[in-house]
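The numbers here are math on the coordinates, done by the rules we state, and not lab data. None of these values were measured; they are calculated from a predicted model. Neighbour counts are summed over all protein chains in view; Cβ atoms, including those assigned to glycine, are modelled from backbone coordinates with ideal geometry.
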There are 2 protein chains.
Amino acid sequence: MLYIIGLGLGDEKDITLRGLEAVKKSQKVYMEAYTSLLSFGLSADGLSNLEKFYGKPIILADREMVEEKAGDMIDEAIDNDVAFLVVGDPFGATTHSDLVVRAKTLGVKVEVVHNASVMNAVGICGLQLYHYGETVSIPFFTETWRPDSFYEKIKKNRSLGLHTLCLLDIRVKEPTFESLCRGGKKQYEPPRYMSVNTAIEQLLEVEQKHGDSVYGEDTQCVGFARLGSEDQTIVAGTMKQLESVDFGAPLHCLVIVGETHPVEEEMLEFYKYKSGN
Amino acid sequence: MLYIIGLGLGDEKDITLRGLEAVKKSQKVYMEAYTSLLSFGLSADGLSNLEKFYGKPIILADREMVEEKAGDMIDEAIDNDVAFLVVGDPFGATTHSDLVVRAKTLGVKVEVVHNASVMNAVGICGLQLYHYGETVSIPFFTETWRPDSFYEKIKKNRSLGLHTLCLLDIRVKEPTFESLCRGGKKQYEPPRYMSVNTAIEQLLEVEQKHGDSVYGEDTQCVGFARLGSEDQTIVAGTMKQLESVDFGAPLHCLVIVGETHPVEEEMLEFYKYKSGN
């Protein structure tokens, strides 16, 4: 049996009892490292906390491993209980469909243990999840690569009065350009997580380029940092206001507010930007 | 402190450790009865299981109470720890913004414990949560009341190639027409939960009425029953196919499939309708 277990968004206490039970009975426990070290403390300590908590070792599976070596994990799951831990929900922002397809194709039973993910936890700001359109991803712009397909999607959402959840880029274990050219042992860039500030900067740049007045400095947004953690930060304000707010440590995400109902507005009031934020 | 705690979608084991901790330290525990008795066993037994599990009594708060008597709950939370349990996530399909607004306005601290909700758990069928448009609700049609505002919303989602999550009507503790006319003690209709079959029937009726070819008998859908429970049922097929599938006990929901990517299709394959479903 392959258990794919959502850990939720905060720390080790956000696993469900069902999830913990599955971890306890698994002979091997893997953990997706793509975003997970971050949520569990930005350091390897988070992992060892988790190991102490579960009373068993955890094998860290970085993105390369999940993609390249999923076969081993699946093989082990034929005769053993294997747990694969992911931050949030297994089918939240990052989906693990590939893994499920490969396992099921080989006849391995898969059980999914759900949890909160950014896709539903953003509901806490009071904007109804009903009224979101397509979710967009904002990638880090480089000198030569400034993809802006999110602009058209935001345009469509806004034309329908819908809110837009913007997921912000995470760069973890990116090989350095030099090591890619040189070949041999890969070297990695330090991890980068896009801030709300950078996202807004890029969004405004793209608006300026296209000029369709899809949004602007005065457009209402909600910025989130460390959503679902005890020290989460949520601030509602215009793009211009949020551009200068220090949201602190990652992960960040951003919602561009569409048409609102009175109950939604009442909730947003509690998170309103105050100068000095 | 008022804790608003998501219980997830299955049974008592789907609470998070953080949620359970909050329940244990609360002097009073309320539970939303709108959908909850259902998920926890369709009978009052589910509740007493939960009481045994928590080792403390639970006060069942039906919809009237949540709406009318939330004030008492909030008052108690000024000097005590009070837990309010909801099925799914506190800001999932049913939002509890009202309660949060009232509590915060009175200066009561509110802590939300997130969990999975139908809004993110539908991801399990393989359709990416990114690619959903606005969520719609399908109400039970009556002789005289056949509201179909969902049709325009589905139309917009489909014109953008997006998937549509349809939440299906739940009628719990509806006063009987007679008792409303007569006054005095209210009597209630037996609870009703819309099935995937009824939803499709109504959807097709509305398509026939409007005739914009937004969808039809051959439109691909995914039907869900008891999502997140151990005995969940998920079947992918055309409206015509799903119309005759027996999905069993409630709750049901339905996704109308938009444009799909190959990975999404691979996942849907596992849930494909087979005659005899």
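Averaged over the residues of A:268-275, the number of partner chain Cβ atoms lying within 10 Å of the residue Cβ comes to 1. Distance from the axis that maps chain A onto chain B is least for the Cβ of the chain A residue given, with the whole Å value, as A:ASN120, 2. Sorted ascending by nearby beta carbons within 10 Å, beginning with the fewest, B:SER97, A:SER275 become A:SER275, B:SER97.
Projecting the Cα atoms of A:VAL86, A:ILE5, A:VAL101 onto the charge dipole of the stretch A:2-116, computed from C-beta unit charges around the Cα centre, puts A:ILE5 farthest toward the positive end. The charge dipole of the protein assembly as shown, taken about its Cα centre with unit charges on the Cβ atoms of Lys, Arg (+1), Asp and Glu (-1) only, comes to about 540 debye. Say a site is exposed when it is one of the trypsin sites (Lys or Arg not before Pro), sits in a DSSP loop, and has at most 15 other Cβ atoms within 10 Å; what is then the longest site-free stretch of chain A? In short, A:187-273. Charged neighbours of A:VAL101, selected by a Cβ distance under 9 Å, balance to -1 (K, R count +1; D, E count -1). Helical runs (DSSP H, four residues minimum) scored at -39500 (n - 2.57) apiece and divided by the length of the protein assembly as shown put the mean residue ellipticity at 222 nm at -9500 deg cm²/dmol.
Overall, chain B carries a charge dipole of about 500 debye about its Cα centre when +1 sits on the Cβ of Lys and Arg and -1 on the Cβ of Asp and Glu, all other atoms neutral.
Take the Cα gyration tensor of the stretch A:2-116, multiply each eigenvalue by 5, square-root it, and list the three semi-axes largest first, rounded to whole angstrom.
20, 15, 14
Residue by residue along A:223-235, Cβ atoms of other protein chains within 10 Å of the local Cβ number 1 on average. Picking from A:LEU17, A:LEU168, A:LEU85, which is most flexible by a Gaussian network model of chain A using Cα springs under 10 Å? Comparing A:LEU17, A:LEU168, A:LEU85 in the GNM, the peak value goes to A:LEU17.
Distances longer than 30 Å among the Cα atoms of the protein assembly as shown: what percent of all pairs is that? Every Cα pair in the protein assembly as shown considered, those over 30 Å come to 52 percent. Counting pairs on different chains as well as pairs 8 or more places apart, how many Lys pairs in the stretch A:58-193 have Cα atoms under 21 Å apart? Here the count comes out as 7. Residues whose amide H comes within less than 5 Å of that of B:GLU189, counting only those at least five positions distant or on another chain, are B:GLU174, B:THR176 (H built at 1.01 Å from N in the peptide plane). Placing a label point 7 Å from the Cα of B:GLN27 along the Cα-to-Cβ line, the residues of the stretch B:52-81 whose backbone N sits under 20 Å from it are B:55-61, B:69-81.
Look at the dipole of the stretch A:114-253 built from charges on Cβ: of A:GLY123, A:PRO147, A:SER213, the Cα furthest out on the positive end belongs to A:PRO147.
Under a model in which nothing but the beta-carbon of Lys, Arg (+1) and Asp, Glu (-1) is charged, the stretch B:2-116 shows a dipole of about 320 debye around its Cα centre.
Centroid-to-centroid, using Cα positions, the stretch B:62-128 and the stretch A:68-115 are 31 Å apart.
Return B:ASP72, B:ASP79, B:ASP148 ranked ascending by Cβ neighbour count within 10 Å, so the fewest neighbours appear first.
Ordered by Cβ neighbours within 10 Å, fewest first: B:ASP79, B:ASP72, B:ASP148.
When each of B:ILE170, B:ILE59 is scored by the number of other beta-carbon atoms lying within 10 Å, the sequence from fewest to most is B:ILE59, B:ILE170. The distance separating the Cα centre of the stretch A:193-246 from that of the stretch A:155-176 comes to 11 Å. For the peptide B:131-143, the mean number of other protein chain Cβ atoms found within 10 angstrom of a residue's Cβ is 3. Near B:GLU111, the amide H atoms lying under 5 Å from its own belong to B:LEU2, B:TYR3, B:ILE4; only residues 5 or more places off or on other chains count, and H is placed 1.01 Å from N. Here's how it looks for A:CYS221: its modeled amide H is under 5 Å from those of A:GLY237, A:THR238, A:MET239, A:VAL257, which are all 5 or more places away or on a different chain.
Which helices pass in chain B if a helix is a full DSSP H run, must span at least 18 angstrom along its long axis by Cα, and must have mean Kyte-Doolittle hydropathy not below -0.5? The qualifying helices are B:196-210. Looking at the square roots a ≥ b ≥ c of the eigenvalues of the Cα gyration tensor of the stretch A:181-274, which shape do they give, rounded for a/c under 1.5, prolate if a/b is larger than b/c, or oblate? Judged from the Cα gyration tensor, the stretch A:181-274 comes out oblate (a/c at least 1.5, b/c at or above a/b). Within the listed set B:ASP169, B:ASP62, B:ASP98, the residue fluctuating most in the Gaussian network model of chain B (springs between alpha-carbon atoms under 10 angstrom) is B:ASP98. Bridging of B:LYS272 to aspartates and glutamates at a Cα separation below 13 Å is possible for B:GLU264, once same-chain residues fewer than 8 apart are set aside.
With the label put 7 angstrom out from Cα along the Cα-to-Cβ vector, B:SER213 ends up 3.5 nm from the copy partners, going from closest to farthest. For chain A, a Gaussian network of Cα nodes joined below 10 Å ranks A:VAL263, A:VAL86, A:VAL222 by mean-square fluctuation, and the top entry is A:VAL263.
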